[in-house]
1. What is the residue count in region 165-176 for residues that are touching a residue at least 24 places away in the same chain (Cβ under 8 Å) and either assigned to a helix (DSSP H, G or I) or touching a strand residue (DSSP E or B) at 6+ places or on another chain (Cβ under 7 Å) (or both)?
2. Name every residue in region 58-68 that is exposed (fewer than 10 other Cβ atoms within 10 Å of the Cβ) and outside any loop (DSSP other than H, G, I, E, B), in order of residue number.
3. Could you tell me whether residue 125 is over 28 Å from residue 46 (Cα atoms) and not in a helix (DSSP H, G or I)?
4. So, in region 32-57, of the ones that are more than 13 Å from residue 93 (Cβ to Cβ) and assigned to a helix (DSSP H, G or I), which residue ends up modelled with the lowest pLDDT?
5. Kindly indicate whether residue 82 is modelled with pLDDT under 55 and under 41 Å from the mean Cα position of the chain (by Cα).
6. Scan 92, 106 and give me the residue that is in the same structural domain as residue 40 (by TED's automatic domain parsing), assigned to a loop (DSSP other than H, G, I, E, B) and over 12 Å from the mean Cα position of the chain (by Cα).
7. Consider residue 124 against the criteria (1) under 19 Å from the mean Cα position of the chain (by Cα); (2) surrounded by 14 or more Cβ atoms within 10 Å (Cβ to Cβ): it satisfies all of them except one. Which criterion is unmet?
8. With 78, 85, 113 as the choices, which residue is in the same structural domain as residue 166 (by TED's automatic domain parsing), in contact with a strand residue (DSSP E or B) (Cβ under 9 Å, 6 or more places away or on another chain) and surrounded by 19 or more Cβ atoms within 10 Å (Cβ to Cβ)?
């Protein structure tokens, strides 16, 4: 249509002239750039080479900065595959059914993948946020039962594959949530107790003043005791 408009302005033989020939070549080059077929072919070749699928175990051990870390065993490319496939189908391409199935599985599993990744991130962040060594050891000892439940859950999870992971992921996220809540509560209580113990050094040396601080310490400790099970 655009070339017809050019012809209506420049005349029927406009391509015979030097400037017209150059314009025609530029138009053809631009037209080739707009052709999505080469991109689609590259997409198919890339997906075939990657052999993407929703399979394998939930967890993997990966080295990060020289240290081994527990990670979600999932190729993030599968998450983006659904959007790519949806766009290609909208453009009229006949995407192979095997790729469509993987894309749909990726969309279905996306909330569970994010759940595992976020739980692992919060678990790691929680373990690193306790402050000095004394505080970290104190908080760890008070939360050891909750952390053991995470380890027990991971031990179960290493034998579970993504194809049957929904129920496990829900439980795992809940267990990590409980651990994070306990650590945050204990961290706050621990800091408050240290502050109150420091206050004892400067408070008035009277029974009433000392009793008030001790009551505050007891209240703080009870706050955690109510959480512990």
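1. Residues flagged as touching a residue at least 24 places away in the same chain (Cβ under 8 Å) and either assigned to a helix (DSSP H, G or I) or touching a strand residue (DSSP E or B) at 6+ places or on another chain (Cβ under 7 Å) (or both) within region 165-176 amount to 8.
2. Answer for region 58-68, where residues must be exposed (fewer than 10 other Cβ atoms within 10 Å of the Cβ) and outside any loop (DSSP other than H, G, I, E, B): 63, 64, 67, 68.
3. no
4. Only one residue fits best here, namely 33.
5. Values: modelled with pLDDT under 55: no; under 41 Å from the mean Cα position of the chain (by Cα): yes.
Against the criterion (modelled with pLDDT under 55 and under 41 Å from the mean Cα position of the chain (by Cα)), residue 82 does not qualify.
6. 92
7. Looking at each condition in turn, residue 124 falls short on (2).
8. Checking each option against the conditions leaves just 113.
The values are calculated or read from the model by the stated rules, or taken from the named source; none is laboratory data. Note that the coordinates shown come from a computational prediction; the quantities given were computed from them, not determined experimentally. Cβ sites come from the backbone with ideal geometry, for glycine too, and all protein chains shown count toward neighbours.
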